[in-house]
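These notes concern the structure reproduced below.
Since every read-out is calculated from the coordinates, none of them should be taken as a lab result. Note that the structure is a prediction, hence the values are computed from the model and not measured. Note that we place each Cβ from the backbone using ideal geometry, even for glycine, and neighbour counts take in every protein chain shown.
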Amino acid sequence: MDSLNLDEPHSMGTTIIGVTYDGGVVLGADSRTSTGVYVANRASDKITQLTDNVYVCRSGSAADSQIVSDYVRYFLHQHTIQLGQPATVKVAANLVRLLSYNNKNMLQTGLIVGGWDKYEGGKIYGIPLGGTILEQPFAIGGSGSSYLYGFFDQAWKEGMTKEEAESLMVKAVSLAIARDGASGGVVRTVTINADGVTRNFYPGDTLPLWHEEIPAQNSLLDILSAPSPEPMSM
Amino acid sequence: MSSIGTGYDLSVTTFSPDGRVFQIEYAAKAVDNSGTVIGIKCKDGVVMGVEKLITSKMMLPGSNRRIHSVHSHSGMAVAGLAADGRQIVARAKGEASSYESVYGEAIPVKELAGRVANYVHLCTLYWWLRPFGCGIILGGYDRDGPQLYMIEPSGISYRYFGAAIGKGKQAAKTEIEKLKLSEMTCREGVIEIAKIIYKIHDEAKDKAFELEMSWVCDESKRKHEKVPVELLEEAKAAARLALEEMDAD
């Protein structure tokens with residue numbers, strides 16, 4: 001096994017998911033950013049804002065996905081000013097796609113763009129590695145998504161409520177975390193609809209346990225914070 | 001209105017002492033000398049009509065188009081120097097195309113109007129360019145409904161319910177103001193525009209003219225296209241009838 005190399009580029013092994021429901025979308029992700037086998041950030045936020053009404057889930061190279069998000073946020077901001085009204089999810093997704101496709105040789109990032117606009121309602125666009133753009137009722141990405149294809153085939157249905165979509169999301173991410181070494185930490189969700197944006201946070205120890213998973217327990221290092229023993233008296 | 005701008009009218013980059021740029025005003029005169037162009041916004045779309053003055057009997061009917069499609073959802077009717085108009089249409093088509101390449105959706109009509117206006121204005125800022133000698137009526141139908149814009153040689157662009165440019169613009173505007181546009185469908189609008197153009201055409205000064213019309217409405221599935229032949233003939237017939245009735249008084 002290679003010895004721990006902290007100079008490896010930060011990757012976000014990751015599990016990212018975007019789901020449409022009746023009235024909007026829910027975006028979800030795990031929170032592990034790894035450098036090789038070292039977890040550089042165990043509580044990262046992989047769901048990034050592009051505009052008030054459009055967010056993006058990032059996976060793959062942390063640097064690449066951040067720079068693409070930054071550029072798109074910049075372009076969308078200008079576009080919104082020019083247009084005089086909020087940008088549509090489709091436009092945001094197209095800008096992401098153009099950057100991904102035209103720089104495919106240099107970038108390694110899979111993105112899921114999701115949001116709500118007044119013309120089309122809630123929409124999810126999956127933009128995997130090569131820069132394809134595909135509008136989908138739900139999208140999954142990242143290394144952890146391999147373990148979720150069958151799950152979604154069975155569990156996803158059209159016209160879910162917001163609560164159903166969110167709980168499906170949390171269940172899916174926790175299933176992926178259980179099996180994928182590159183995913184872990186907490187589950188973050190962002191719900192976007194006509195009323196606005198809501199962020200939610202599910203700490204790791206509140207997630208359901210699956211087959212053969214061991215319950216979380218407090219670190220045995222807790223004894224370090226215990227008071228030192230009284231000196232004996234003779 | 002004519003005042004001579006002696007000395008201050010030689011270049012578009014010169015202001016007169018009373019704050020006017022005469023070259024732009026002269027460009028507007030080129031528009032005023034051309035055949036009338038009218039556009040109206042009805043409740044379900046936009047209709048545009050052009051009084052195409054025929055300079056020679058040898059001209060093939062239907063040639064020398066004055067109304068051009070810029071995108072599937074919008075079109076422009078041009079008054080003034082036709083060659084200048086062609087440039088502007090080409091530019092507008094380019095803008096619409098590049099917008100769609102970058103943003104992935106059809107260019108909003110408002111944005112298109114802004115870009116055309118910007119381009120027209122651009123050409124009034126440099127001494128080595130002359131202003132465009134044409135007025136444009138731009139009609140389109142996008143997600144925010146049907147819209148009508150007019151762009152003048154100065155680069156000004158406004159949104160209108162009804163607009164007219166060219167020789168008979170004053171008479172045309174008077175007629176348009178009589179119409180109840182918010183209750184009118186485009187089908188009815190086509191007939192009304194034909195009537196107006198026939199009415200304001202000056203038989204004494206200009207001989208023959210050809211009526212060219214286009215629309216973009218619910219009936220055309222929000223696509224900008226020439227008014228269907230049967231409807232156009234119906235409109236022309238109604239217009240001629242209305243003229244005869246007027247003359248009979």
task: Keeping to the stretch A:94-111, report how many residues are crowded, with 18+ Cβ neighbours inside 10 Å and either on the phi > 0 side of the Ramachandran plot or out of contact with any helix residue (DSSP H, G or I) (no Cβ under 9 Å at 6 or more places or on another chain) (or both).
output: 1
task: Would you confirm whether any residue within the stretch A:154-170 is among the basic types (Lys, Arg) and away from chain B (no Cβ under 13 Å)?
output: yes
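Scan the stretch A:10-25 for residues that are over 17 Å from A:Ala92 (Cβ atoms) and under 14 Å from the mean Cα position of the chain (by Cα) and jot them down.
Result: A:Ser11, A:Met12, A:Gly13, A:Thr14, A:Thr15, A:Ile17, A:Val19.
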- request: Please go through the stretch A:80-104 and pick out each residue that is more than 8 Å from chain B (Cβ to nearest Cβ) and of a type in the set (S, T, N, Q).
  value: A:Thr80, A:Gln85, A:Ser100, A:Asn102, A:Asn103
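Give me a count of the residues in the stretch B:107-132 that are within 14 Å of another protein chain (Cβ to nearest Cβ), part of a loop (DSSP other than H, G, I, E, B) and surrounded by fewer than 18 Cβ atoms within 10 Å (Cβ to Cβ).
0
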Of all residues making up the stretch B:88-106, the number that are in a helix (DSSP H, G or I) and within 14 Å of chain A (Cβ to nearest Cβ): 7
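Yes/no matrix, rows are residues, columns are (1) touching a Phe, Trp or Tyr at 6+ places or on another chain (Cβ under 8 Å); (2) surrounded by 22 or more Cβ atoms within 10 Å (Cβ to Cβ); (3) farther than 23 Å from B:Gly114 by Cα:
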| residue | (1), (2), (3) |
| --- | --- |
| A:Leu50 | no, yes, yes |
| A:Val56 | no, yes, yes |
| A:Ser59 | no, yes, yes |
| A:Ile67 | no, no, yes |
| A:Thr80 | no, no, no |
| A:Lys90 | yes, no, no |
| A:Val113 | yes, yes, yes |
| A:Lys123 | yes, yes, yes |
query: Within the stretch B:168-193, how many residues turn out to be within 22 Å of B:Gly35 (Cα to Cα) and of a type in the set (D, E, K, R)?
result: 6
- request: May I ask you to say which residue of A:Tyr119, A:Tyr125 is under 22 Å from B:Glu111 (Cα atoms), within 14 Å of chain B (Cβ to nearest Cβ) and not basic (Lys, Arg)?
  value: A:Tyr119
field: Criterion (without any contact (Cβ under 8 Å) to a residue 60 or more places away in the chain and among the hydroxyl-bearing types (Ser, Thr, Tyr)) met by exactly one of B:Ser157, B:Ser182, B:Ser220
entry: B:Ser157
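Just one of A:Val72, A:Val39 is within 14 Å of chain B (Cβ to nearest Cβ) and either surrounded by fewer than 24 Cβ atoms within 10 Å (Cβ to Cβ) or touching a helix residue (DSSP H, G or I) at 6+ places or on another chain (Cβ under 9 Å) (or both); which is it?
None of the other options fit; the residue is A:Val72.
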message: Please go through the stretch B:4-39 and give me each residue that is polar (S, T, N, Q), over 18 Å from the mean Cα position of the chain (by Cα) and under 30 Å from B:Val50 (Cα atoms), ordered by number.
response: B:Gln23
- request: Kindly list, by first and then second residue, each pair from a residue in the stretch B:83-100 that is under 18 Å from B:Tyr149 (Cα atoms) to a residue that is of a type in the set (Phe, Trp, Tyr) and crowded, with 17+ Cβ neighbours inside 10 Å, limited to pairs with Cβ atoms under 6 Å and residues at least 6 apart or on different chains.
  value: B:Arg91/B:Tyr119
